[in-house]
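Read-outs: derived from the displayed coordinates by stated rules, not from any lab. Note that the structure is predicted; figures quoted are calculated from it, not measured. So basically every Cβ, Gly included, is an ideal-geometry build from the backbone, and we count neighbours across all protein chains shown.
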Amino acid sequence: MRALLLVNPKATSTNRRSRDVLIRALGAAVELTVEETRYRGHAAVLAGTAGAKGFDAVAVLGGDGTVNEVANGLMAGEARPKLIIIPGGSANVLARALGLPNHPIEATGAVLEALRDGRHRTISLGHATWDLDETLGDGGGLAAEIAGASDVSGPRRRAGGGSRYFTFCAGLGYDAEVIRAVEGLRSAGYRASPTLYVNTALRHYFMTDRRHPAMTLHRPRLADERGIFLAIVSNTAPWTYIGNRPVNPTPWAGFDTGLDLIGLQRLGLPAMLGLVRQIVGERAGLPAGKHLVQAHDEAEFTLSAERPVAFQLDGDYLGERERVVFRSIPDALQVLV
């Protein structure tokens, strides 16, 4: 097997020594080519051409953002190699949702076992298209879009629009506002950690608009659900982790079903605390409450907003949007696990 290993040199949970160890281990099992990513979107570009270059698998050592780039690159390519994930970030939600160990060396051992046994899993992806009135043509081009290219193949889109796949979650509203604030802190030199996210979420709660909900959920053949402050879209469960504790607002979500959603129509302190109590921990069940909007196993739906609201995919802040169409893409990628 020929494999391309994409390494994010800024991955938060690895160092040069551990990277060398896992590279040697993988190199003993496959014909391995190693590339370091140099800029945002580089992983998508490299993954997008891997199939055409004859690689059977693309391995990624990095966090959820780098894994998202690789997934988008694979989906944009004509040939689609298998995906290998070696967690190197602070949360590693997709890797953990697939049952991989959170430590990169231990995860490499699990991947080597999967290689030896010829074991893989086919997973769905989510897809988001935003701020569009129409799409002209058909095709991909996502890797070039992520890399910031001005001339991309595939659909010709109106100015201001775009699209992207996501592996585990998307969000509009408060959670995306928190991610935006955390990205600003990381740019200032703060290290990503569960503590940074929790403290930022607590501080930002008192700054967000808790009185004027902006969003509406539109689903085919169902009445619109209005007055939504915060919307979380899930392709799997859990949604994220606080250290080793899963946070699970959509526990029925999975790679074998469509997309799930939870929306909050109240953002007051009692409603937020009540939700947190229901979704944190191993035994979290389906949240209950009259102020919740919930959807399960949906093929497609749209979230619109009366004003621009913060938007994120797989923990990557993507600006403010007024309309996002979400679709489930079944049987999208094969992952060695």
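Distance between the pseudo-spin-label points of ASN199 and GLN334 (7 Å out from Cα toward the beta carbon): 4.6 nm. If R₀ is 25 angstrom, what is the calculated FRET efficiency for the pair SER187 and LEU269, using the beta carbon separation as r and rounding to 0.05? According to the calculation, E is roughly 0.25.
Once the chain from ARG277 to GLU35 is taken as fully extended at 0.36 nm per residue, the excess over their C-alpha distance is 82.8 nm. For Cα extents along the principal axes in Å, several values are listed as (1) 53, 53, 52; (2) 57, 44, 38; (3) 88, 45, 35; flag the one computed from this structure. Read-out from the structure maps to (2). Note on LYS53: aspartates and glutamates with a C-alpha under 20 Å away, same-chain residues under 8 apart excluded, are GLU31, GLU35, GLU36, GLU69, GLU78.
Using mean Cβ contacts within 10 Å as the protection proxy, how do 56-67, 283-294, 233-244 order, highest first? Show your work: numbers first, answer last.
Numbers: 56-67: 25.4, 283-294: 14.2, 233-244: 20.8.
Output ranking for 56-67, 283-294, 233-244: 56-67, 233-244, 283-294.
Placing dummy labels 7 Å off each Cα toward the beta-carbon, the span from GLU300 to ASN244 is 4.4 nm. Length available on full extension from ALA223 to PHE206: 0.36 nm per residue minus the Cα-Cα distance, which gives 2.9 nm. When the range 162-331 is described by a simple charge dipole with +1 on each Lys and Arg Cβ and -1 on each Asp and Glu Cβ, the residue from THR216, GLN278, SER163 located farthest towards its positive end is GLN278.
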